Amino acid sequence: MIKIMADSTCDLSKEVLELYDISLAPLTINIEGKLYKDRVDIEPNDFYGMLEGLSEHPTTGMPSPEEYLKIIKKAVNDGCNEILCECMSSGTSGAYQSAVIAKDYFYEESPDSAVKIHIVDSKSMSHGSGWLIMKSAMMREQGASFEEIVDFNETYKTKVKHFLSVDDLNHLIKSGRLTNASAFIGKILMLKPIMTMKQGKGAIIAKERGRNKVLKHYVQEFIKRNDKEMTEFILIGYTSDKTVAETLKEKIREEAGFSGAIHIMQMGVSVGTHVGPGAISMFFIEK
């Protein structure tokens, strides 16, 4: 039996997590000296509602090896003998290393165990790793072997195309994801940066003036880059404004002619700490 686990930055909805029995190791968020566990002690809507009124910008911390180990042990006790753990990119967090340490702990405590554990450095963030997790869960439901699922992840993890744009550059500055100079220029010109993942780290690839042009950019790039055979579904993420995500979904249907499933899901507190309210993202497999 195959168990799938991840860290909370995958940003999958509760419905998806429950449907596929996916367990999460939560990141921690420090909000003015008080620690919260992502999606455990605090929900996204509550967080976005309080964010603008905080005197200090929140910070995030990776899951501890103990959090991962707890999930691994429970999975084994439940009869799972193969475990896939999907982690956010090692280029942006120590979560991957934390999961590797947990795996080592498990084998040190159970040296004769026949349980297989594979830790994926997804090279992705937010619904990028979420896309891989959903696909892995679907493959499991369709009868794929553990080896086939692992091979898919390692083959396609760098093919998950990320697009992310933010409404307010200040959150990227405060979290250290953008320089003051870049933000200043962006504000003067009313530009919204569009980011993707390159070599496991976030990178700005374009700047558009206004949200409508951001969505147009997304659709045009999707038409150009989409791998029609591999993109069974698209994930659209948002932090605080779901209507923008719904508008993007309509544009992809009408202008790109995509007939597969398009899932809209809210970004969690960990990711939202860095991108802030008004962020919009899209994920698919590129050629």
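Ordering G143, Y218, G278 by the projection of their Cα atoms onto the charge dipole of the chain, which places +1 on the Cβ of Lys and Arg and -1 on the Cβ of Asp and Glu, puts Y218 at the extreme positive end. Scalar couplings 3J(HN,Hα) for the stretch 102-111, obtained by applying the Karplus form with A = 6.51, B = -1.76, C = 1.60 to θ = phi - 60°, are 4, 4, 5, 4, 4, 6, 5, 6, 10, x Hz; x denotes Gly and Pro. Using a/c under 1.5 as the rounded threshold, could you call the chain rounded, prolate or oblate? The axes a ≥ b ≥ c are square roots of the C-alpha gyration tensor eigenvalues, and prolate needs a/b larger than b/c, oblate otherwise. It is oblate, given that a/c is not under 1.5 and a/b is not larger than b/c. Around the amide H of D227, modelled in the peptide plane, lie the amide H atoms of I285, E286, K287, all under 5 Å away and 5 or more residues distant in sequence or on another chain. For M267, nonlocal amide neighbours, meaning residues 5 or more places apart or on other chains whose placed amide H falls under 5 Å from its own, are Y238, T239. Pairs K14/K103; K14/K216; K224/K251; K73/K123: which exceed 19 Å Cα-Cα? Where the Cα-Cα span goes over 19 Å, the pairs concerned are K14/K103; K14/K216; K73/K123.
Short-range pairs are left out: with C-alpha atoms under 8 Å and at least six residues apart, the relative contact order of the chain is 22 percent.
About the centre of its Cα atoms, the chain shows a dipole size close to 1280 debye [charges on the beta carbon of Lys, Arg (+1) and Asp, Glu (-1) only; nearest 20 debye]. Residues whose amide H lies under 5 Å from that of I262, counting only those 5 or more places away or on a different chain, are I234; hydrogens are built 1.01 Å from N in the peptide plane. Placing pseudo-labels 7 Å out from each Cα toward the beta carbon at E254 and E66 gives an inter-label distance of 5.3 nm. Between A25, A245, A261, the residue with the greatest mean-square fluctuation in the GNM of the chain (Cα pairs under 10 Å linked by springs) is A261. At R0 = 35 Å, how high is the FRET efficiency between K73 and R209 if r is their beta carbon distance? Nearest 0.05 is fine. Efficiency, from the Cβ-Cβ distance: 0.10. The relative contact order of the stretch 2-156, computed from alpha carbon pairs under 8 Å that lie at least 6 residues apart in sequence, is 27 percent. Considering only Q97, Q199, Q266, the mean-square fluctuation computed in a Gaussian network model of the chain, springs between alpha carbons under 10 angstrom, is largest for Q199. Computed from phi, the 3J(HN,Hα) profile of the stretch 20-30 under the Karplus parametrisation 6.51, -1.76, 1.60 (θ = phi - 60°) reads 9, 6, 9, 9, 10, 8, x, 6, 10, 10, 9 Hz, with x in place of Gly and Pro.
Taking I71, I205, I262 in turn, the Gaussian network model of the chain (Cα-Cα springs below 10 Å) assigns the largest fluctuation to I205.
Computing FRET efficiency as 1/(1 + (r/R0)^6) for F152 and K224, where r is the C-beta to C-beta distance and R0 is 25 Å, gives about 0.55.
Taken together, the values in this text are just the output of simple stated rules run on the coordinates, not laboratory data. Note that the coordinates shown come from a computational prediction; the quantities given were computed from them, not determined experimentally. Virtual Cβ from ideal backbone geometry, glycine too; neighbours counted across all protein chains shown.
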